[in-house]
Amino acid sequence: MPEGHTIHRLSRDLMRAFGRRPVLASTLQDRFAAGAAQLNGSTLTRTDAHGKHLFLFFRAARPVDRLVHIHLGLYGKFPIASAPPPEPGGALRLRLQNQDNWADLRGPTACELITPEQRDTILARLGPDPLRPDADPAPAWARISRSKMPIGALLMSQDVLSGIGNVYRAEVLFRAGIDPHRPGREVDHDEWMGMWDDLCTLLRSGVRAGRIVTTRPEDRPRRGRPRREDSFYVYRRTGEPCRICGTEIRTETMATRNLFWCPTCQAT
DNA sequence: GCTAAATGTTGAT
DNA sequence: TCAACCTTTAGCT
């Protein structure tokens, strides 16, 4: 689930479900017992997403304000649903609950109480996030245009730009017709701005739909309901024919993840 | 019932 | 380059 679109959607939905009123917080794990106890009964005042990082602001009845940092990592989940909640079970890191809604956080890489200063430190390490209205692509271009690293690795670097994961990197490079192995310094400015604009569009659409779909309508079967297996051009389609040219989709490891690309459509 | 894989990141070698 | 961490699920036997 978790690329930037998931986190921004979660930020919005958590605020809708729990914002501006006291929330019950609980956990089944010792490691977050103290944290959940501190949050319990406090009011969720603001939620904020930067790239794949989610911040929840709580106002406690008394002393200090609370700030929770959540990173879902590779397989974290935080589903929200209407009351009544099921009996808590499994590896439940954090349950938020009020009269109307509940949400269970499982498997996150990070779920911790932090200070505003620690949040600043995290934000300082992140490149521009295409989902933030104020995002400026210039600093990312400054990095890319000077780098020998392959563009397929640069797009995954959260300190170059943030919120992009393995699906969006593979798909945006396919849509741009760019070989993932090409060094960043050999990408021209128009190509970069084309990818940036495309990422803005694709991520926004991902937030809206709650899932990633990167195939253009004309490249999907037109009849019947949209199918999951028609959502991507190359991601997880190793050995299958390219939707455009029929060449077998290839895979290899790049930036510690499986990279997928079409050697014909993305020849240079 | 077991294993591998997954839309991620960090830190050691 | 590799291992570690977090958890669930799909695909085997």
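The values are calculated or read from the model by the stated rules, or taken from the named source; none is laboratory data. The structure presented is a predicted model; accordingly, all values stated were derived computationally and were not measured. Reconstructed Cβ throughout: ideal geometry from the backbone, glycine too, with neighbour counts over all protein chains shown.
Here is a yes/no grid of residues against (1) within 22 Å of the chain's Cα centre (by Cα); (2) within 12 Å of DNA strand B (Cβ to nearest atom):
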site	(1), (2)
A:Met193	yes, no
A:Asp198	yes, no
A:Asp219	no, no
A:Cys242	no, no
A:Phe260	yes, yes
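Each residue in the stretch A:2-58 was checked for being surrounded by fewer than 19 Cβ atoms within 10 Å (Cβ to Cβ), within 16 Å of DNA strand C (Cβ to nearest atom) and within 24 Å of the chain's Cα centre (by Cα), and 0 pass.
Checking the stated criteria, A:Gly206 turns out to be of a type outside the set (Asp, Glu) and modelled with pLDDT of 95 or more.
For (1) touching a helix residue (DSSP H, G or I) at 6+ places or on another chain (Cβ under 7 Å); (2) in contact (Cβ under 8 Å) with a residue 60 or more places away in the chain, each residue gets a yes or a no:
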| position | (1), (2) |
| --- | --- |
| A:Pro85 | no, no |
| A:Leu92 | no, yes |
| A:Thr121 | no, no |
| A:Gly152 | yes, yes |
| A:Met156 | yes, yes |
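Residues of the stretch A:249-268 that are in contact (Cβ under 8 Å) with a residue 12 or more places away in the chain and not in a loop (DSSP other than H, G, I, E, B): A:Arg250, A:Thr251, A:Met254, A:Arg257, A:Asn258, A:Leu259, A:Phe260, A:Trp261. Among the residues of the stretch A:32-64, those identified as touching a residue at least 40 places away in the same chain (Cβ under 8 Å) and either acidic (Asp, Glu) or assigned to a loop (DSSP other than H, G, I, E, B) (or both) are A:Gly51, A:Lys52.
Residue-wise test of (1) of a type outside the set (S, T, N, Q); (2) surrounded by 16 or more Cβ atoms within 10 Å (Cβ to Cβ); (3) within 16 Å of A:Ser11 (Cα to Cα).
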position: A:Phe78; (1), (2), (3): yes, yes, yes
position: A:Arg93; (1), (2), (3): yes, yes, no
position: A:Leu96; (1), (2), (3): yes, yes, yes
position: A:Pro116; (1), (2), (3): yes, no, no
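Residues of the stretch A:157-168 that are surrounded by fewer than 20 Cβ atoms within 10 Å (Cβ to Cβ) and either under 19 Å from A:Trp261 (Cβ atoms) or of a type in the set (S, T, N, Q) (or both): A:Ser157, A:Gln158. Considering only the stretch A:99-139, state which residues are within 16 Å of DNA strand C (Cβ to nearest atom), in contact with a Leu (Cβ under 9 Å, 6 or more places away or on another chain) and at negative phi. Across the stretch A:99-139, the qualifying residues are A:Trp102, A:Ala103, A:Asp104, A:Leu105, A:Arg106, A:Pro108, A:Thr109, A:Ala110, A:Cys111.
Do you know which of the residues in the stretch A:54-106 that are within 16 Å of DNA strand B (Cβ to nearest atom) and aliphatic (A, V, I, L, M) is farthest from A:Arg21 (Cα to Cα)? That would be A:Leu74. A residue that is hydroxyl-bearing (Ser, Thr, Tyr), within 16 Å of DNA strand C (Cβ to nearest atom), at pLDDT 95 or above and assigned to a loop (DSSP other than H, G, I, E, B) cannot be found anywhere in the stretch A:158-169. Got at least one residue in the stretch A:125-147 being aliphatic (A, V, I, L, M), away from DNA strand B (no atom under 13 Å from the Cβ), within 23 Å of A:Pro263 (Cα to Cα) and touching a Gly at 6+ places or on another chain (Cβ under 6 Å)? Within the stretch A:125-147, one or more residues are aliphatic (A, V, I, L, M), away from DNA strand B (no atom under 13 Å from the Cβ), within 23 Å of A:Pro263 (Cα to Cα) and touching a Gly at 6+ places or on another chain (Cβ under 6 Å).
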